[in-house]
1. Given a cut-off of under 8 Å on Cα pairs at least six residues apart, what relative contact order in percent is computed for region 78-222?
2. If I fit a long axis through the Cα atoms of helix 137-148 and take the longest principal axis of the Cα atoms of the chain, what angle between them do I get, 0 to 90°, rounded to 10?
3. Contact order normalised by length for the chain, with contacts defined as Cα pairs under 8 Å and 6 or more residues apart; what percent is it?
4. Which FRET efficiency value, to the nearest 0.05, is calculated for VAL3 and THR160 with the Förster distance at 35 angstrom and r the Cβ-Cβ distance?
5. Any idea what angle helix 108-119 forms with the longest principal axis of the chain, computed on alpha-carbon atoms, 0 to 90 degrees, nearest 10?
6. Set Lys and Arg Cβ to +1 and Asp and Glu Cβ to -1, take the dipole of the chain about its Cα centre, and tell me which of ALA142, ALA120, ALA98 lies farthest positive.
7. Which order, highest average first, do 99-105, 110-116 follow once you tally other Cβ atoms within 10 Å for each residue and take the mean per peptide?
8. Run through the DSSP bridge list for the chain and note the antiparallel percent, rounded to the nearest 5.
Amino acid sequence: MSVSGATLVAGVAGCPVTHSLSPVIHNAWIAAAGLDAVYVPFNVPQDGFAAFATALRGGVIKGVNVTIPFKETALELSDLAGQLAEKAGAANLLTFPADGSIVARNTDGPGMLDAIFEQAPGYDPTAAPTVILGAGGAARGAAAALVMAGSPAVRIINRTAERAVGLARTVGGATSGFGFGDHRAALADAGLVVNATSLGLGGGAGPDIDFGSLPPAAVVMDMVYKPLETRFLAAARAAGHRTVDGLEMLIRQAAPSFEAFFGQAPPDDVDVRSLCLQALGVAP
Ligand code: ATR
């Protein structure tokens, strides 16, 4: 790769950002598309995101994906936001048009749905209630996307019940929030359960839910992708459920980001999933 004054720059901003797989995905697409561009990880200090984003106004850098812990701040800083980002109260994509504005979007939610449609073909979000475990940044886009996709009920279950209730209030529509104590009733007629907590990262125990309360046809998804098959997904598979992994969601949220940065869809002749699996140390 050679870099010149004409090279387009985009990236991902987080704290920490070192282990992000987004550079693997975007730089593979850039190379395959033959673009003069580069995608850079930006390690932004915890209290430095506003200064960082403000400095990018005008578009010297095309845009950035936003990850932990800046997704809510990213939305607050924007001048214009997509409907889903507004509903979620969080943005994972900022672009910087030449007019100096900051435009925020949320591609996490659609990325999650695309991953589910890919790995659980035929899943219909309108057919049954959905359950989201967790009420942090990762849960926001998921809840908003499921409401917009027509889920008859979106039940947010969180260790801290008030946070789940607060998120339900932000997202609105057919959304409600509960503590973990209520999870069995929430699962009883659900068609989808998504782990949006950080539990299970690094191989630890996942959310402790009773899969016996969940209809066998329900799909189970984990946003955690390190390891690829979390203990939560392994337990779901053992209970007979179709499962969807977080790596597919990561790749799917990246595609509209790439298009927003570079004005073209990512090439489809590069196997970014295998590249990510290699980076994770898993044989594809
Ligand atoms: P993110 O942006 O990744 O969602 P976050 O905002 O810190 O990060 O949210 C982490 C989520 O995982 C929250 O829903 C959190 O529950 P609380 O709101 O009660 O803190 C959940 N979580 C983290 N550790 C947990 C644990 N040990 N048991 C249950 N839930 C946990």
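1. Relative contact order here is 21 percent.
2. Its long axis makes an angle of about 70 degrees.
3. Once normalised by length, the contact order is 16 percent.
4. Using R0 = 35 Å, I get an efficiency of 0.20.
5. For 108-119 against the chain, the angle is about 60 degrees.
6. ALA142
7. Taking the mean over residues of other Cβ atoms within 10 Å, the ranking is 110-116, 99-105.
8. Bridges in the chain that DSSP calls antiparallel: roughly 15 percent.
The values are calculated or read from the model by the stated rules, or taken from the named source; none is laboratory data. This one's a predicted model, so the numbers in the text were calculated from it and none came from an experiment. Backbone-built Cβ (ideal geometry, glycine too); neighbour counts: all protein chains shown. With ligands, DNA and RNA removed, areas are computed over all heavy atoms of the protein, side chains included. Shrake-Rupley method; radii C 1.70, N 1.55, O 1.52, S 1.80 Å.
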